[in-house]
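S.K.: First the structure, then my questions, so here it is.
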Amino acid sequence: MTVNLLDFDLPAMEAWFASIGEKPFRARQVMRWVHRAGVTGIGQMTDLSRGLRESLEAAAQILPPAVKLDSVAPDGTRKWLLDVGAGNGIETVFIPEAARGTLCISSQVGCALECAFCSTGRQGFSRNLSVGEIIGQLWLANRALGADHAVGHRPVTNVVMMGMGEPLANFDAVVSAMRIMLDDHTYGMSRRRVTLSTSGMVPWMDRLRDALPVSLAVSLHAPNDELRDRLVPINRKWPLKELLAACRRYVEVASAAPDDDDAGAEPESPPRHVKWQRQGAPRDFITFEYVMLRGVNDTAVHAHQLVGLVGDLSCKFNLIPFNPFPDAGFERSTPEAILRFQGVLMEAGFVTTVRKTRGQEIDGACGQLAGQVQDRTRRAQRREQVVVRS
Ligand code: SAH
Ligand code: SF4
């Protein structure tokens, strides 16, 4: 059986080279070919000896997920629907802005966490994505967007793990894929430009802090446990007090590491301590995401409660106008309610942005990543039964 080279981060690639009796230092060279040059075949790795190419060709391939649909909205937002087998689709969205290009990457097929307002959550859970399927989304986007590292053309400057799925529920594969994103020899992204969004899986937030402290966004969505229990059911397991404590532990890592502004070219092999500095510390704040649901969590009282909840934690807020979907049972807050909510947070001294809705024509907005999942939990069926009985 051949292996998929996209499945390997550097240590895994080195281990695999050793297992086939090749020199581990070749691993770095091959990582550069796969991710920096974006080659599709081993035959294109021209600085490997012919013998090595032949033995690699027999044992390995470069296998990204198949593109089923590739659409571009008038505002430039581009969405790929990718086939990951067994009738399952995942989506990747590229959002170009003046000074940056952000790629929104999926981590699972569906999601098991059942947040009340999320269309992915409604579809149920099928399976975790592999490392190759996760990094393959960046690999594909780079190729499609014409990235050329040789001339410094890098359309994807930022990655957000905010597509389908809960990234911390697929911890090992997500961390490996993010390691590849940060590797100087591949995509060379700084930790500040890779953001993981979680609904609040507390023990894994600590693990992430220790393993790979990238920028962290936390989906808060409610200022008290009673409401959050309903909107984000995982809150029943790790309530707000525990979640906020984990956020504090996370930002502490940032103050222990020097800061960085992503400026300047990176030398090929900086010493370890310099590398840490150059790669950039994780941001020394948490970004709280807060979906704006009309009449549910969007009053000035909620905003004041939120201010009290976070206290002196170093954080920013990103208010997300709810993206409706069929039978959602929620409505988007009015623009006035959003402004009022934002005003309370800003007055209390918190930087608060309101997410622009982008790519609506192609269902490209975050939380809209539809497509039928082969639901192993049979959630849709259960729901139907409930409806029939009531
Ligand atoms: N599972 C992770 C990351 C994926 S969801 C998480 O929950 O954080 C990315 C963001 O989109 C989360 O903040 C999520 O709560 C939000 N979201 C989900 N459904 C949405 C919807 N219908 N409208 C607006 N935002 C939504
Ligand atoms: Fe899963 Fe995030 Fe959707 Fe909740 S909001 S169901 S955690 S993808």
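S.K.: Please state which one of Leu103, Leu129 is more than 16 Å from ligand 2 (Cβ to nearest atom), surrounded by 21 or more Cβ atoms within 10 Å (Cβ to Cβ), closer than 26 Å to Glu289 by Cα and touching a residue at least 12 places away in the same chain (Cβ under 8 Å).
M.R.: Leu103
S.K.: Could you list all residues from the stretch 1-16 that are crowded, with 21+ Cβ neighbours inside 10 Å and part of a helix (DSSP H, G or I)? Reasoning before the result, please.
M.R.: We begin by selecting, within the stretch 1-16, every residue crowded, with 21+ Cβ neighbours inside 10 Å; these are 5-9, 13.
Leu5, Leu6, Asp7, Met13, listed by residue number.
S.K.: Which of the residues belonging to the stretch 308-331 are closer than 17 Å to Val354 by Cα and away from ligand 2 (no atom under 16 Å from the Cβ)? Full working, then the answer.
M.R.: Start the filter on the stretch 308-331 by keeping residues that are closer than 17 Å to Val354 by Cα, which leaves 315-324, 331.
Within the stretch 308-331, Cys315, Lys316, Phe317, Glu331 meet the criteria.
S.K.: Pick from Ala144, Ala116, Ala112: which is modelled with pLDDT of 95 or more and out of contact with any Lys or Arg (no Cβ under 8 Å at 6 or more places or on another chain)?
M.R.: Numbers: Ala144 fails: out of contact with any Lys or Arg (no Cβ under 8 Å at 6 or more places or on another chain); Ala116 fails: out of contact with any Lys or Arg (no Cβ under 8 Å at 6 or more places or on another chain).
Residue meeting the stated conditions: Ala112.
S.K.: For the stretch 168-219, name all the residues that are more than 21 Å from Cys315 (Cβ to Cβ) and within 16 Å of ligand 1 (Cβ to nearest atom). Steps first, answer last, please.
M.R.: Kept after step one, since they are more than 21 Å from Cys315 (Cβ to Cβ), are these residues of the stretch 168-219: 169-189, 211.
Correct list: Ala169, Asn170, Phe171, Ala173, Val174, Val175, Ala177, Met178.
S.K.: When the stretch 57-70 is examined, which residues are found to be under 22 Å from Asn142 (Cβ atoms) and over 20 Å from the mean Cα position of the chain (by Cα)? First the steps, then the outcome.
M.R.: Initial filter on the stretch 57-70 (under 22 Å from Asn142 (Cβ atoms)): 60-70.
Matches in the stretch 57-70: Ala60, Gln61, Ile62, Leu63, Lys68, Leu69.
S.K.: Among (1) in a loop (DSSP other than H, G, I, E, B); (2) over 15 Å from Asn142 (Cα atoms), where does Thr40 come up short?
M.R.: (2)
S.K.: Tell me yes or no: at least one residue of the stretch 295-308 is modelled with pLDDT of 95 or more, assigned by TED's automatic domain parsing to the domain that holds Thr198 and touching a strand residue (DSSP E or B) at 6+ places or on another chain (Cβ under 7 Å).
M.R.: Taking the stretch 295-308 first, the residues modelled with pLDDT of 95 or more are 295-308.
Those still in the list that are assigned by TED's automatic domain parsing to the domain that holds Thr198 too: 295-308.
Within this subset, residues satisfying the condition of being touching a strand residue (DSSP E or B) at 6+ places or on another chain (Cβ under 7 Å) are 298.
Yes, the stretch 295-308 contains at least one residue that is modelled with pLDDT of 95 or more, assigned by TED's automatic domain parsing to the domain that holds Thr198 and touching a strand residue (DSSP E or B) at 6+ places or on another chain (Cβ under 7 Å).
S.K.: Need pairs with beta-carbon distance below 9 Å; first residue within 16 Å of ligand 2 (Cβ to nearest atom) and within the stretch 147-168, second part of a helix (DSSP H, G or I) and among the basic types (Lys, Arg); sequence gap 6+ or separate chains.
M.R.: Leu168/Arg207
S.K.: Has the stretch 113-122 got at least one residue that is within 15 Å of ligand 1 (Cβ to nearest atom), in contact with a strand residue (DSSP E or B) (Cβ under 7 Å, 6 or more places away or on another chain) and not in a loop (DSSP other than H, G, I, E, B)?
M.R.: Pass one, the stretch 113-122, residues within 15 Å of ligand 1 (Cβ to nearest atom): 113-122.
Checking the rest, the ones that are also in contact with a strand residue (DSSP E or B) (Cβ under 7 Å, 6 or more places away or on another chain) come to 117, 120.
Filter once more, so that each one left must be not in a loop (DSSP other than H, G, I, E, B): 120.
Yes.
S.K.: Do any residues in the stretch 1-24 that are in the same structural domain as Ser107 (by TED's automatic domain parsing) have Cβ atoms under 9 Å from those of residues that are basic (Lys, Arg) and surrounded by fewer than 16 Cβ atoms within 10 Å (Cβ to Cβ), where the two are at least six apart or on different chains, and which pairs are they?
M.R.: none
The values are calculated or read from the model by the stated rules, or taken from the named source; none is laboratory data. Note that this is a predicted model, so its numbers are computed, not measured. Ideal geometry is used to build each Cβ from the backbone, glycine not excepted, and the neighbour counts take in all protein chains shown.
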